[in-house]
Every structure is written in C-alpha cells, then in structure tokens.
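Accompanying notes for the structure given below.
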C-alpha cells in the first residue's frame, strides 16, 4: 500500500494507492497549517479505509518546486514515517504531477506552480508515447514575462490566481486549462511513484531534498 503526500503549495494532497485502485484521495487548501493538519488527515484517511500504518509498504512525496516551508514540512513528515516504519520513500517532481494530470496534446504544455512574491515555477513538457516529458529545466517567471515569451500555441496548466489567469488569457497563443482540470491530484502523484516502486527505484532517505528554484531570465522564444 502506497501513501502519497503533496505539500508543495497551500494545497495539501493525500492518496492511498495499491497499484490497482485509488482507495482514498483527499486534497484541500490549508491556511499555512501544514504541520498541524497532515498527521490527523493521514490517520483519518487510514481509519476511513479500514487500514492502519502497518499496512503501508512504500511512501511517495512531492519534492517541489514550490513553497520553501510547506515542502520541508511535508518531506520531514514523510521522512519521519519512513524512518520509524523502515519504509522505502520515493520523491516526485511536483511539476511532473501537474503535467501528468493532463491529456496528451500536440501543443507544448507548461506546468505552473506558485513560487511566491507573484512569481511562477514554470516547467515545459512535450507529449511522447510514454506521456509528458520535460523539455528543459524549470524556471521562475512572472505571469507577464511568461505571457510575453510564448509565441506558439501552447497549453498552460497549474495553480493560478485570478489575476495571473487574466494576464495569460490576453495572449491568443495560450490555451488555459480550467481551474477544475488544473487541480494537482495526489492520486496522480501516487501512480507516478508506484511505477518507480515496481522498478525498485527508491530514494535515499538522508539525501532526499526539496527542489528549490532561483529567479531566472525569461525563457527563450518557443
């Protein structure tokens, strides 16, 4: 049984996945109370599904990019659980989760996450036979800079404020995924991690760390 946790942003996500079914999935926007809310939510989810911590066999955690504090809270919780129960742990790039939530398209896809101070973490993806594949390293941009850089038809998906959506909507080359379809699902995180689990591709508990991005120059023209 795999337990997945995503605390990359104010949204917290939890999922239980056994490789055949999503037994439970829960996500909510927290008011900077990640450290107080995660453990009770995990206990409640296990109780609702008739499971206990003894049923867990592997852990998955989103490692960013995202909020510095919330990422560290989530990773610390999962590392503590992994250490105390002697469970393997798998870290998944959060932007990969954003991309994996979307159907394939001939257009390039930008996965977006809030990076604080009115900026966005931006990762570009291209659809391949095995799903969305990153085409470069993610960068930090404002919505204005991102909109100005896009000159070919592209799909944009992720956590966006109303003002950011309004800015990006002015570019006719940008197709914005709706808010409901932009939700970062913890079940997708679980599924990505389960593939690594089947391959025996685990992370070292001591070296696993969040992904933090520095402010970057605007992306080159697409």
* residue 107, sole failed condition from (1) outside the structural domain of residue 139 (by TED's automatic domain parsing); (2) more than 18 Å from the chain's Cα centre (by Cα) -> (1)
* If residue 113 satisfies every condition in (1) under 19 Å from the mean Cα position of the chain (by Cα); (2) modelled with pLDDT of 95 or more; (3) assigned to a loop (DSSP other than H, G, I, E, B) but one, which is the exception? -> (3)
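Name the one entry in 39, 15, 20 that is assigned by TED's automatic domain parsing to the domain that holds residue 88, farther than 20 Å from residue 82 by Cα and at pLDDT 95 or above. Spell out how you get there, then give the answer.
On the way: 39 fails: farther than 20 Å from residue 82 by Cα; 15 fails: farther than 20 Å from residue 82 by Cα.
From the options 39, 15, 20, the qualifying one is 20.
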* **Subset of the range 24-53 [in a helix (DSSP H, G or I), touching a helix residue (DSSP H, G or I) at 6+ places or on another chain (Cβ under 8 Å) and exposed (fewer than 13 other Cβ atoms within 10 Å of the Cβ)]** => 39
* To do: Output yes when any residue across the range 132-145 is surrounded by fewer than 18 Cβ atoms within 10 Å (Cβ to Cβ), closer than 22 Å to residue 6 by Cβ, without any contact (Cβ under 8 Å) to a residue 24 or more places away in the chain and touching a strand residue (DSSP E or B) at 6+ places or on another chain (Cβ under 7 Å), and no when none is.
  => yes
* Please list, ordered by first then second residue, the pairs with beta carbon atoms under 9 Å, 6 or more apart or interchain, first in the range 160-173 and within 17 Å of residue 116 (Cα to Cα), second at pLDDT below 95 and surrounded by 13 or more Cβ atoms within 10 Å (Cβ to Cβ). => 160/114; 161/114; 164/114
* **Top-ranked residue in the range 66-100 [being modelled with pLDDT of 95 or more and assigned to a loop (DSSP other than H, G, I, E, B); ranked as surrounded by the most Cβ atoms within 10 Å (Cβ to Cβ)]** => 93
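The values are calculated or read from the model by the stated rules, or taken from the named source; none is laboratory data. What you see is a predicted model; the values in this text were computed from it and never measured. Quick reminder, even Gly has a Cβ in these numbers, built from the backbone with ideal geometry, and neighbours come from all protein chains shown.
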